[in-house]
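Quick notes on the structure that follows.
Here, each number is a calculation from the coordinates, and none is a lab measurement. Keep in mind it's a predicted model, so treat the numbers as computed, not measured. Because the Cβ atoms are built from the backbone with ideal geometry, glycine has one as well, and the counts that use them run over all protein chains shown.
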Amino acid sequence: MCGIVGAVAERNVVQILLEGLRRLEYRGYDSAGVALIHNGQLNTVKRTGKVQSLSDAINSENGLGATGIAHTRWATHGSVTETNAHPHVSTERFAVVHNGIIENHKVLREALISQGYTFNSDTDTETIAHSIAEQMKITGDLLQSVLNAVKTFHGAYGTVVVDKEDPNTMVVARSGSPLVIGLGFGENFIASDQMALLPVTRRFIFLEEGDVAEITRTTVKIIDTDGNEVERDIIESLVEHDAGDKAGYRHYMLKEIYEQPSVIRNTLKDRVSADGLADNIFGRDSESIFAKTEYVKIIACGTSYHAGVTAKYWLEQYAGVSCDVEIASEFRYRKSVVPANSLLVTISQSGETADTLAALKLAKEIGYTSSLAICNVDGSSLVRESALSFMTRAGTEIGVASTKAFTTQLACLLMLTIAIGKHKNMPKEVQQNVLEALLTLPTKLEETLQLASEVEDLAEEFSDKYHSLFLGRGDQYPIAMEGALKLKEISYIHAEAYASGELKHGPLALIDAEMPVIVVAPNNELLEKLHSNVEEVRARGGIMYVFADKEAQFESDETMRVVNVPHCMESIAPIVYTIPLQLLSYYVALIKGTDVDQPRNLAKSVTVE
């Protein structure tokens with residue numbers, strides 16, 4: 001969840017480090033810091049808040065260094081202070097940055113204190129710095145010291161260490177938290193995400209689980225978990241960092257909401273036509289795997305979990321394949337029974353979500369036939385470790401509250417429904433209808449975005465609200481869940497989602513004039529039931545905001561505000577109805593005055609448990 005950047009070069013690397021941090025700031029922004037080695041000195045500058053504060057401090061102090069490491073923090077241990085910010089230093093010689101959690105840090109801390117080390121912070125990371133300093137007393141070699149130290153760590157870490165007495169070297173270690181080496185000419189780099197390094201290189205080595213590497217200006221030496229020196233493939237990246245500015249929008253989130261028609265077109269490009277899906281779009285062996293698949297398990301977290309729940313409806317309704325969806329953090333810690341011929345589908349924007357990666361590893365051990373990753377980042381850990389992968393092509397998403405990543409995931413899952421369904425007697429006319437719906441989707445999203453001013457006006461009525469309920473039926477229930485998540489993420493309004501039929505089983509007790517109820521109401525076979533649920537709310541004095549198909553026969557009155565959503569085909573309705581809920585959360589957040597792109601306590605890529 002934190003951002004890491006490091007460089008070893010002949011030139012001053014300060015601006016490289018700062019630019020890398022800016023590109024990773026969406027991953028962690030409680031505090032930021034940099035450690036630089038210059039003229040035999042280790043200089044550390046740290047600031048709470050945004051990267052700009054760090055940049056101002058470094059510029060005022062004229063920071064110099066040809067070797068340096070830098071970090072943006074998302075706090076796990078210790079409050080947000082300069083003392084707790086990274087890098088952490090031991091014996092005024094070693095500096096460390098770290099992404100992850102050292103679970104046995106208390107035991108390590110006690111042992112290190114008994115050995116004479118003084119702790120200045122409340123973090124788990126400081127134990128890494130002191131552990132390496134202690135090992136250096138034994139080995140006198142930085143690489144070997146890190147190899148020895150990591151054997152004592154329990155938990156997850158992507159960590160980088162520098163030694164002022166060996167100024168041309170960085171040593172890095174990866175366990176459960178991603179690190180990528182960037183290769184230059186007479187200089188090399190390290191980062192937690194390749195996006196940080198795109199201004200200086202396109203050549204990358206993705207470290208594997210358990211790797212420890214020594215990086216100098218001209219060499220890279222990698223040691224695997226068995227203690228053997230190994231070579232990893234060099235990947236030429238084609239990734240574009242297409243979110244460098246807001247393109248005239250007030251926030252990245254709003255920009256990304258409005259990008260959805262174009263990114264969906266990109267998601268469908270060369271994959272979907274009126275004649276069907278293109279061959280082998282899910283991978284070379286996908287057709288034979290799908291033909292054998294009798295059960296699908298979807299694993300994800302947060303917004304991606306809501307995409308998975310939507311796909312369950314599609315896979316069972318259209319493809320006739322049994323499907324279950326589970327939160328990754330629950331799946332990985334329980335015993336489960338694996339049906340025969342089971343396909344595991346993981347969904348993640350970043351491809352580095354710690355719980356999802358752990359669930360994939362477990363699934364391989366307990367007998368899933370194969371695995372498919374639906375992901376936005378090619379080359380990510382999830383993609384590399386899955387048998388099949390399918391890129392959402394959403395482009396870089398900077399806003400912490402996911403928008404275009406979610407809708408592209410849904411489009412990919414609808415394609416997956418067709419791909420599996422054609423092996424499971426999915427009727428040709430159903431396949432054709434879903435294909436036709438997908439091809440109309442970008443245009444329908446453009447039409448729906450024209451509701452923005454109406455939704456902005458509606459949002460004014462939430463200015464004094466602190467709680468809300470979202471309702472949906474069928475495949476709109478997970479869309480209600482996603483709408484509630486968006487509202488709570490960026491406006492800090494408490495929001496819950498319910499399947500509409502559950503109202504009478506408890507939530508009706510919450511209904512009053514201070515509890516706005518948001519309803520998603522496409523024109524489908526559940527509409528009549530939904531009308532009954534709306535009347536239940538109305539009878540108890542509730543105030544409702546209904547996003548409805550114009551043919552759904554909802555009319556505005558003193559207790560109900562209706563926004564008419566463009567009519568669309570049933571299969572794509574969950575994607576279309578996502579748009580007004582995203583707009584609602586955005587405009588309510590503006591009214592509340594919150595930080596839309598970087599809401600409190602949250603980070604974009606969740607690489608810790």
Legend entry - Karplus (6.51, -1.76, 1.60) ³J(HN,Hα), θ = phi - 60°, over segment 356-370, in Hz, Gly and Pro reported as x: 5, 4, 5, 5, 4, 4, 4, 4, 5, 7, 9, x, 5, 5, 7
Legend entry - Convex hull projection area averaged over all views, segment 320-464, Cα basis, nm²: 11.7
Legend entry - Proximal aspartates and glutamates relative to residue 428, as straight alpha-carbon distance under 14 Å, when same-chain residues fewer than 8 apart are discounted: 275, 436
Legend entry - Charge dipole magnitude, Cβ of K and R +1, D and E -1 - the chain, Cα centre, debye nearest 20: 620
Legend entry - Local electrostatic count, residue 311, Cβ distance below 14 Å [Lys/Arg +1, Asp/Glu -1]: -3
Inset, instruction - Quick one: of 404/486; 297/335; 269/297, which pairs are farther than 20 Å apart, Cα to Cα? - result: 269/297
Inset, instruction - Of the listed values (1) 56, 38, 19; (2) 38, 31, 23; (3) 45, 28, 22, grab the one calculated as semi-axes √(5λ) of the Cα gyration tensor in Å from the structure here. - result: (3)
Inset, instruction - Report the FRET efficiency, 1/(1 + (r/R0)^6), for residue 106 and residue 340, where r is their Cβ-Cβ distance and R0 is 56 Å, rounded to 0.05. - result: 0.80
Legend entry - Unit charges at the beta carbon, dipole of the chain: most positive-side option, 348, 136, 407: 136
Inset, instruction - Quick one: pull the percentage of alpha-carbon pairs in segment 185-327 with a separation above 19 Å. - result: 74
Inset, instruction - Provide the net charge surrounding residue 277, with neighbours chosen by a C-beta distance below 14 Å and charges set as Lys +1, Arg +1, Asp -1, Glu -1. - result: -1
Legend entry - For residue 550, residues with placed amide H under 5 Å, excluding near neighbours: 565, 567
Legend entry - Sites matching GluC sites (Glu not before Pro) across segment 396-502 that sit in DSSP coil, with at most 11 neighbouring C-beta atoms within 10 Å: none
Inset, instruction - Using the Karplus curve 6.51 cos²θ - 1.76 cosθ + 1.60 with θ = phi - 60°, work out ³J(HN,Hα) for each residue of segment 44-56 in order, rounded to whole Hz, and write x for Gly and Pro. - result: 10, 10, 9, 9, 7, x, 7, 4, 4, 4, 5, 4, 4
Legend entry - Long-range amide H partners of residue 65 with built H, under 5 Å: 13, 14
Inset, instruction - Determine the alpha carbon to alpha carbon distance for each of 50/221; 465/550; 292/550; 50/364; 255/364; 151/488 and list only those over 31 Å. - result: 50/221; 292/550; 50/364; 255/364; 151/488
Legend entry - Lys, Arg +1 and Asp, Glu -1 on Cβ, resulting dipole of segment 96-193 about Cα centre, debye, nearest 20: 200
Legend entry - Estimated inter-spin distance, residue 249 and residue 330, nm [label 7 Å along Cα→Cβ]: 3.2
Legend entry - 12 Å beta-carbon shell around residue 292, net charge (K/R +1, D/E -1): -2
Legend entry - Stretch gain in nm, segment residue 262-residue 93, where the contour uses 0.36 nm per residue and the Cα spacing is subtracted: 55.8 nm
Inset, instruction - Kindly state, as a whole number, the per residue volume in cubic angstrom of the convex hull around the alpha carbon atoms of segment 37-129. - result: 92
